[in-house]
Amino acid sequence: AAAAVAVVAAAQEGPENRKLATTPRDLTVEGLPEYRGYTFWSSDFHISPIADLKDLFKPLGMNIIDKSLSGHCHLKKTCAQGIKVLNKQNGINLGRCPNQLRRDIFSAYVNDPQMRQVDAMLCNHAAGLCEAFMGFNKSLIVIASTRFEIGRHDPARWKLWNQNLRAIAAHPRNVVAANNLYDANYVKYFTGIKDVPVLPNYCAYTNAEYAPRKPQILIGPGRGINDQLHGELQRRSKTSKFTFARIRDLYKHFEYTDLAQHPAIVLIPYQVSIMSIFEYYRMNIPMFVPSPDLLADWQLKYFLMDERTWDGVFKKKPRKSSIPQHPESTIPYDPNNEFNAEAIKYWISFADFYQWPHVVQFSNWDDLIRKLEAADLNEISRDMKKYNIKMKKDLVVSWKNIFHRMFKGYEPAKVQPREQLTDFDAATKAMYGVKVHGACTGDTHFNPV
């Protein structure tokens, strides 16, 4: 298992390892088998990460049962049908009595014909939903696409989730990962888990490619643009040859092909990792971003990335995290400190747009105008396209290696269903050495990791 983990691009601790790892070893060319025909279950609250995985998995012969609980599920026609116990109200935080909900989910699905054909459970948004599936003899794939304590904001609940996440990560057929380097290191900071693979989203579902024919340079992403910074850019642009426009000022509704017709996108981000930024890059649209120094300065002055922390989402500006750093983590600086310039700069340097090549950084508005004037946007786009081809190849290799880790020695469950204990307490103890308490929260770990 350890060897399989090592071949996946992992986030490494420490300031000297801020870039994503290099091309992973392709174990399938070293004589290991291909895996096809396996089934994954998702009940996600965000339509895009699962749409991306479905697009990526289909050519690999994998199937995802998508029972979406997202408020936007109608856009993908994936709204959960026939789902039991789980719903939009209880799926993120597991409801008023989480342990009872975990038992109810197990009872509802342990003999469910469709669930018996499932090989692995996908938990992206929210990552904590995998707590509800710990009794099932199936691989758990936790991919944090935002701060992983979503739905576990109470310190006591968060600590319990950390214990269970460590147990999940320790199982040789599970994966605890993130779709971005920031969240990979964030998981490591609070859990002490050593190997947290970075499995970025590819977003080929856009089916659009850079074809500039419209004059405006877009200001993105599509929401959360700081008004003061937007005003500063518009005032500076009056003495330049460029026209800038927020995406939502131009388009109430847009197609991806609309965005791809603009010459470039300037990011004023509200978050460190956003699905739409993956989409911009995959469409090969040249992107211009504030440097880490400038973005850290903006964060201190304007708190523009108010969704970087859960306190920020709840309109609070935190000085520290509500729980301590895990003693096995050596990452410096509290990620939830919004008052320390060094801490902010350190953590935001893990943002997606600082990991990818061919993204142009600017140090102020004058510098942005100069770099736009000097840029060969078509050449930047061509370089992005080359990187996207390499990135997809590496991503497919990483997933194939994960399939080997999870499914070695197992036929697809639809061919040979997994053995499954039908008693919840016996099943969770057998899988993870965990006793789920009769109270609404709390687990006992007999073999804590």
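The values are calculated or read from the model by the stated rules, or taken from the named source; none is laboratory data. In this text the structure is predicted, and so the values were computed from the model without any measurement. Cβ: placed from backbone, ideal geometry, glycine included. Neighbour counts: every protein chain shown. Remember, those area values only see protein heavy atoms, side chains included, never the ligands or the DNA or RNA. Shrake-Rupley method; radii C 1.70, N 1.55, O 1.52, S 1.80 Å.
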Members of the range 313-353 that are open to solvent by less than 80 Å² (accessible area, probe 1.4 Å) and hydrophobic (A, V, I, L, M, F, W, C): Val313, Ile323, Ile331, Ala341, Ala343, Ile344, Trp347, Ile348, Phe350, Ala351, Phe353
In this structure, is Ile92 surrounded by fewer than 18 Cβ atoms within 10 Å (Cβ to Cβ) and under 16 Å from the mean Cα position of the chain (by Cα)? yes
Only one residue in Leu300, Leu294, Leu250, Leu259 is open to solvent by 40 Å² or more (accessible area, probe 1.4 Å) and farther than 30 Å from Arg152 by Cβ. Which one? Leu250
Quick check on the range 78-89: of everything there that is surrounded by fewer than 18 Cβ atoms within 10 Å (Cβ to Cβ) and at pLDDT 95 or above, which residue is nearest to the chain's Cα centre (by Cα)? Lys88
Is there a residue in the range 162-169 that is in a helix (DSSP H, G or I), without any contact (Cβ under 8 Å) to a residue 40 or more places away in the chain, farther than 19 Å from Ala51 by Cα and open to solvent by less than 10 Å² (accessible area, probe 1.4 Å)? yes
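If you go through the range 146-174, how many residues are among the aliphatic types (A, V, I, L, M) and under 18 Å from Asp195 (Cα atoms)?
Number satisfying all stated conditions: 5.
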For the range 170-198, the count of residues that are in a loop (DSSP other than H, G, I, E, B), out of contact with any helix residue (DSSP H, G or I) (no Cβ under 6 Å at 6 or more places or on another chain) and open to solvent by 10 Å² or more (accessible area, probe 1.4 Å) equals 3
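For Gly224, state whether it is out of contact with any strand residue (DSSP E or B) (no Cβ under 7 Å at 6 or more places or on another chain), outside any helix (DSSP H, G or I) and open to solvent by less than 50 Å² (accessible area, probe 1.4 Å).
Criteria met by Gly224.
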Just give me the residues in the range 33-56 being outside any loop (DSSP other than H, G, I, E, B), open to solvent by less than 30 Å² (accessible area, probe 1.4 Å) and either more than 15 Å from Met406 (Cα to Cα) or of a type in the set (Asp, Glu) (or both), in sequence order. Ser42, Ile47, Ser48, Pro49, Ile50, Ala51, Asp52, Leu53, Leu56
